[in-house]
Amino acid sequence: MTSASSELHRLLRCRYPVLLAPMAGIGGGRLARAVSDAGGFGFVGGGYGDEPWLHEELQRLDGVPFGVGFITWALKERPHLLAQVVDAGAAAILLSFGDIRPFAGAVHAAGRILVAQVQTLSQAREAEAEGAHIIVAQGGEGGGHSGVRGTLALVPAVVDAVKVPVVAAGGIADGRGLAAALALGAQGVLCGTAFYAAEESLAHPHAKQLLTQASGDTTTKGELFDVARGLNWPSGPWGLRTLQNTLTQQWQGASSALLRAHAEELQATIAQARQTADHRLAPVIAGEAADLVRKVEPAALIVKQMVETARRSIERLAPVHRAAPDR
Ligand SMILES: Cc1cc2nc3c(=O)[nH]c(=O)nc-3n(C[C@H](O)[C@H](O)[C@H](O)COP(=O)(O)O)c2cc1C
């Protein structure tokens, strides 16, 4: 694959159309830097707005193009963080899960790129109307929070519905996925699970190891870990995808009301499990692309392999391209 020469490339100034997804607590400055240095574009996971964490991680990015992703409803509780990351030099702000309207003006006024991660076609149209420069169409296969639509059908529908560049997310963790996303009309991909086990990721080494042995067959989605982490997600069509473990099996099928009734007990369990890296109870947040993550390796290598495999995948399509039309 030659360097990207799309609108996405023009906006983000990245060589390759491979974007590191913002991953709260997992994607810090080192990981974002490694992806940007390798020719992709790294988003730091600003997540729920942990200010001291963000401050420290952003210091690792001096001189490198980078973005910061926020969970929109959480940013509403700490809106001053937006100005802080702009001052720290973020070239792009990615907003997910919530109404982007309160922040779109400030991102524009600061002259930064506004990226909206959406889960439905109607959200994509709204984001374009609010002036998003790039729209990430996120399918429910992805790790972390996502909606219910699948990437394969959502991406081309969003491409048809908006004029701004579209990036595909959810279930893409190698060059075959990148090639497929480009074929669907996306200009690039945004990947989380692919980089969870990267050397530079802040995931616990044991969690990385578990991911390299896991399968997309055994992920699960729900609100168990949001309740257990004491996160007050507003009601919406969102669930958190993680690997299955003992805790998810124990609470499988539990209603929201039942989980909330046991919130205190769950929070104590998770706090203890996180301290001891007991991932039978603590979550490993990853998506269906788990099958494609087999090694702990440097992020630069992940980007390089993704681009090379995409190039080969596209070359393999040549016979279709050359095939004579029906007579
Ligand atoms: C560990 C992890 C944490 C995540 N945290 C966030 C987050 O803080 N904000 C956000 O917008 N998306 C978050 N996501 C979702 C990603 O932005 C992205 O949509 C997703 O990773 C794409 O699917 P994939 O995991 O199959 O690559 C997270 C994903 C993972 C795997």
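Filtered by the rule that a residue be more than 13 Å from the ligand (Cβ to nearest atom) and touching a residue at least 24 places away in the same chain (Cβ under 8 Å), the stretch 93-119 gives Asp99, Arg101, Pro102, Phe103, Ala104, Ala106, Val107, Ala110, Arg112, Ile113. Of the helices (runs of 4 or more DSSP H) lying entirely inside the stretch 124-224, those containing at least 3 residues that are more than 10 Å from the ligand (Cβ to nearest atom) are 151-161, 175-183, 205-213.
Going through (1) at pLDDT 95 or above; (2) surrounded by fewer than 16 Cβ atoms within 10 Å (Cβ to Cβ); (3) away from the ligand (no atom under 16 Å from the Cβ); (4) not aromatic (Phe, Trp, Tyr) one by one, Glu51 falls short only on (3).
From the list Ser201, Ser255, the one residue that fits, being small (Gly, Ala, Ser) and surrounded by fewer than 13 Cβ atoms within 10 Å (Cβ to Cβ), is Ser255. Residues in the stretch 222-252 that are buried (at least 16 other Cβ atoms within 10 Å of the Cβ) and either in contact with a Lys or Arg (Cβ under 6 Å, 6 or more places away or on another chain) or of a type in the set (Val, Ile, Thr) (or both): how many? The number of residues fulfilling the criteria is 6. What about Leu58, is it within 14 Å of the ligand (Cβ to nearest atom) and either assigned to a helix (DSSP H, G or I) or under 30 Å from Ala153 (Cβ atoms) (or both)? The answer is no for Leu58.
The values are calculated or read from the model by the stated rules, or taken from the named source; none is laboratory data. Quantities reported herein were computed from a predicted structural model and do not represent experimental measurements. In this analysis, Cβ positions are derived from the backbone assuming ideal geometry, glycine residues included, and neighbour counts consider all displayed protein chains.
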